[in-house]
Amino acid sequence: MSTAELERQRPASPAVPAGLRRARRAETRTGYAFLAPWLIGFFVLTAGPMLASLYLAFTDYNLFRAPQWVGLENFQRLFEDKRYIQSVKITLIYVVLGTPIKLAAALAVALLLDSSRRGQSFYRSAFYAPSLIGASVSIAIVWKAMFSDGGIVDLGLTGLGFPGEGWVGNPDRTMPMMILLTTWQFGGPMVIFLAGLKQVPRELHEAAAVDGAGSLRRFWNITVPMLSPVIFFNLLLETINAFQIFASAFIISNGQGGPAGSTLFYTLYLYIRGFGDSRMGYASAMAWLLAVVIGLITLVMFRTSRSWVHYSGESK
């Protein structure tokens, strides 16, 4: 039977009443009306500035005269800029060291809180509280005062017999101080780990314990594989956030990236070049290069996750 004959034999779809069509169009208009604030905000405050910065990345623009097209010159200058190379190295060190330490602390505390005992709600709230504040200016100011020469941390170390030389002004101690700051705010990933731990079947642990498996073996062979999607989610978010560190580095270094460039993170140097030196074209090139790098790292993480992330009900 030919296609034309099949089409002729197919029953005609019933006509939609005019009133129903008008009702559907009204629902569509209502939906777009509710979406309008978000759409306006996205195109005016996000998409528009992004496209403008993409254009400026290929121009010489200093806020005081019209942009002049220079092509790839800004991107070529990046790799000749020693301070830019330094900011890349410092940011990579922070991401590679700070992210795993923060996630390890979050998972360790989540394991401790994943039980029914007295006062659990209080402890969970207390550990999550620092994340409510976020990487705000006020926290950075307090952190700077605590770790300055003669601050409470210095006094505590001196009382324990360690030399107190201050952390803020010591290039060898600023990175550990910044990592401590981000680790202290582990509440967000901790809550996500707690939610993931609730999904691990207790029967698996009980069966493994009956077979003689110890707590460490049960954790590695049961908890980690079952928790791998949550680990991947937290790892992805925290990696992206670590690349964008700015407020704490700006406050602690007084916006200069010191001492000796030890807190010259990528976004801080971008700010210095864009708003300090009025090199908006150069700063836009830095911003887009960072966006591309984060996108590539995200892609690599998704591709490699296939070998170690195991989802419930997935057959391999």
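The values are calculated or read from the model by the stated rules, or taken from the named source; none is laboratory data. All figures in this text were calculated on a predicted structure; none of them were measured in a lab. Virtual Cβ from ideal backbone geometry, glycine too; neighbours counted across all protein chains shown.
For the range 251-296, the tally of residues that are in contact (Cβ under 8 Å) with a residue 24 or more places away in the chain, farther than 30 Å from Val168 by Cβ and under 23 Å from the mean Cα position of the chain (by Cα) stands at 3. With the structure loaded, tell me whether Pro259 is assigned to a helix (DSSP H, G or I) and modelled with pLDDT under 95 or whether it fails that test. No: the conditions fail for Pro259.
Residue-by-condition table, conditions (1) at pLDDT 95 or above; (2) more than 15 Å from Val88 (Cβ to Cβ); (3) in a helix (DSSP H, G or I):
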residue	(1), (2), (3)
Phe275	no, yes, yes
Ser278	no, yes, no
Val292	yes, no, yes
Leu299	yes, yes, yes
Trp308	no, yes, no
Tyr311	no, yes, no
Ser315	no, yes, no
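If we scan the range 90-103, do we find a residue that is touching a helix residue (DSSP H, G or I) at 6+ places or on another chain (Cβ under 8 Å), within 26 Å of Leu235 (Cα to Cα), at pLDDT below 90 and of a type in the set (D, E, K, R)?
Our first condition is that a residue be touching a helix residue (DSSP H, G or I) at 6+ places or on another chain (Cβ under 8 Å); within the range 90-103, this holds for 90-91, 93-95, 97-99, 101-103.
Adding the requirement that they be within 26 Å of Leu235 (Cα to Cα) leaves 90-91, 93-95, 97-99, 101-103.
Those left that are additionally at pLDDT below 90: none.
The answer is no; no qualifying residue exists.
Of the residues making up the range 210-227, at least one is modelled with pLDDT of 90 or more and touching a helix residue (DSSP H, G or I) at 6+ places or on another chain (Cβ under 7 Å).
Checking each residue in the range 215-250 for being surrounded by 17 or more Cβ atoms within 10 Å (Cβ to Cβ), touching a Ser or Thr at 6+ places or on another chain (Cβ under 9 Å) and among the β-branched types (Val, Ile, Thr) picks out Thr239, Ile245. In this structure, Thr28 qualifies as at pLDDT below 95, in a helix (DSSP H, G or I) and over 30 Å from Ile240 (Cα atoms). Applying the selection to the range 151-199, what residues are of a type outside the set (Gly, Ala, Ser), under 27 Å from the mean Cα position of the chain (by Cα) and loosely packed, with under 14 Cβ neighbours inside 10 Å? If the condition is that a residue be of a type outside the set (Gly, Ala, Ser), under 27 Å from the mean Cα position of the chain (by Cα) and loosely packed, with under 14 Cβ neighbours inside 10 Å, then Pro171, Asp172, Lys198, Gln199 are the ones that fit. Across the range 107-144, the number of residues qualifying as of a type in the set (D, E, K, R) and surrounded by 13 or more Cβ atoms within 10 Å (Cβ to Cβ) comes to 3. Listed by first and then second residue, the pairs linking a residue in the range 148-172 that is in the same structural domain as Pro259 (by TED's automatic domain parsing) and assigned to a loop (DSSP other than H, G, I, E, B) to a residue that is charged (D, E, K, R) and surrounded by 16 or more Cβ atoms within 10 Å (Cβ to Cβ), with Cβ atoms under 6 Å apart and 6 or more places separating them unless they lie on different chains, are Gly164/Asp154; Gly166/Asp154; Trp167/Arg173; Val168/Lys144.
Right, Ala287: within 26 Å of Ser53 (Cα to Cα) and either out of contact with any strand residue (DSSP E or B) (no Cβ under 6 Å at 6 or more places or on another chain) or not basic (Lys, Arg) (or both) or not? Here the answer is yes, as Ala287 does meet what is asked.
Give the residue that is surrounded by the most Cβ atoms within 10 Å (Cβ to Cβ), with candidates limited to residues of the range 32-67 that are over 31 Å from the mean Cα position of the chain (by Cα) and not basic (Lys, Arg).
Of everything passing the filter in the range 32-67, Pro67 is surrounded by the most Cβ atoms within 10 Å (Cβ to Cβ).
Restricting the range 117-135 to residues that are outside any helix (DSSP H, G or I) and under 13 Å from Thr182 (Cβ atoms), the residue that is modelled with the highest pLDDT is Gly134. Listed by first and then second residue, the pairs linking a residue in the range 210-231 that is among the small types (Gly, Ala, Ser) to a residue that is part of a loop (DSSP other than H, G, I, E, B), with Cβ atoms under 9 Å apart and 6 or more places separating them unless they lie on different chains, are Ser228/Trp308; Ser228/Val309; Ser228/His310; Ser228/Tyr311. Could you say whether any residue in the range 68-88 is assigned to a helix (DSSP H, G or I), under 27 Å from the mean Cα position of the chain (by Cα), exposed (fewer than 13 other Cβ atoms within 10 Å of the Cβ) and free of Cβ contacts under 8 Å to residues at least 12 places away in the same chain? Yes; the residues of the range 68-88 include at least one that is assigned to a helix (DSSP H, G or I), under 27 Å from the mean Cα position of the chain (by Cα), exposed (fewer than 13 other Cβ atoms within 10 Å of the Cβ) and free of Cβ contacts under 8 Å to residues at least 12 places away in the same chain. Set side by side, the residues Ala145, Ala110, Ala104, Ala126 differ, and just one is of a type in the set (A, V, I, L, M, F, W, C), in contact (Cβ under 8 Å) with a residue 60 or more places away in the chain and in the same structural domain as Met177 (by TED's automatic domain parsing), which is Ala110.
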